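One structure is given here, and the rest of the page talks about it.
What follows draws every value from the coordinates through simple rules; no lab data is involved. Owing to the predicted nature of the structure, the values given are computational and were not obtained by experimental measurement. Please note: Cβ atoms are built from the backbone with ideal geometry, for glycine as well, and neighbour counts cover all protein chains shown.
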Amino acid sequence: MDRWPGPRLRMHARQRGAALLLLVTVLALGAATLLMTGFSPQVMEQRRVEQTQRTLAQSRDALIGFALQHGRLPRPAVSAQDGRESNTACASDADCSGFLPWVALGVGQADSWGNVLRYSVTPAFTQAPIKRNEVLASKTIQTRGTDGNVRYVYGDDLCGRGACSPAVIFSTGKHNFGTSVQGVQQRSGNLENADERSNDQATQHFITRQATDNSALPGGAFDDMLVYLPLPTLLTRMVFADKLD
């Protein structure tokens, strides 16, 4: 009696083996495609943007935490490489504009492209106790419409009572300007980026808008990312913590 499988059984076995090999190949190709997609330049760049947004939000929350502990907001950092709070009192908005004091706040130093986060704070809010009926926040946030006109997102021309923000934190983004964690300044490689240039020099009036590489648009190319501290939020939290004069 023949104990070996007949021709038909051997053929079925080969067919099952081929089908299994094909399935494994398809799965491997699918996994490779997903892996390549997950690490594509576009996906990786979007992840950097999202991580920077989280870092900015955490830094803003840390400002509130600092105020609840110390009764004031921190002054800028000593330098791009020294994240301790500067000991020098701010005499003006220019004096109070620099780098985020990441050591004092216990947060990350830089954005996802290795540039130190920038920070600007109203001088009066760096002095404890904050006299809520006597001090005015000085930071305004603007955006630019497709028509080229600039309008306020937060604040106004006069920064009247409660209208403006006491502090702004921003990332200079991937392109143009910024200072690396090694303290090296990155100069603008794009001549048509007026809004980024404005932010780089700003001490009171800042711009936020959708990122674009199109230099022909009003305001030019732009990839700065910015958050501001709403004054009512800060004051409300400080009132409950009994940190206001």
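Label zone of Gln58 (point 7 Å out along Cα→Cβ, amide N under 18 Å): in the range 225-242 this covers 225-228.
Listed by chain and number, the lysines whose C-alpha is less than 21 Å from the C-alpha of Lys243, apart from same-chain residues fewer than 8 away, are Lys131. Ordering Cys164, Asn199, Gly189 by the projection of their Cα atoms onto the charge dipole of the range 131-200, which places +1 on the Cβ of Lys and Arg and -1 on the Cβ of Asp and Glu, puts Cys164 at the extreme positive end. The modelled label-to-label distance between Ala94 and Arg132, using points 7 Å beyond Cα along the C-beta direction, is 3.3 nm. Note on Lys174: lysines with a C-alpha under 25 Å away, same-chain residues under 8 apart excluded, are Lys139.
Which whole number in µm²/s is D for the range 52-205 by Stokes-Einstein, with the Kirkwood Rh taken over Cα pairs at 37 °C and 0.692 mPa s?
Numbers: Rh = 16.0 Å.
Result for D is 205 µm²/s.
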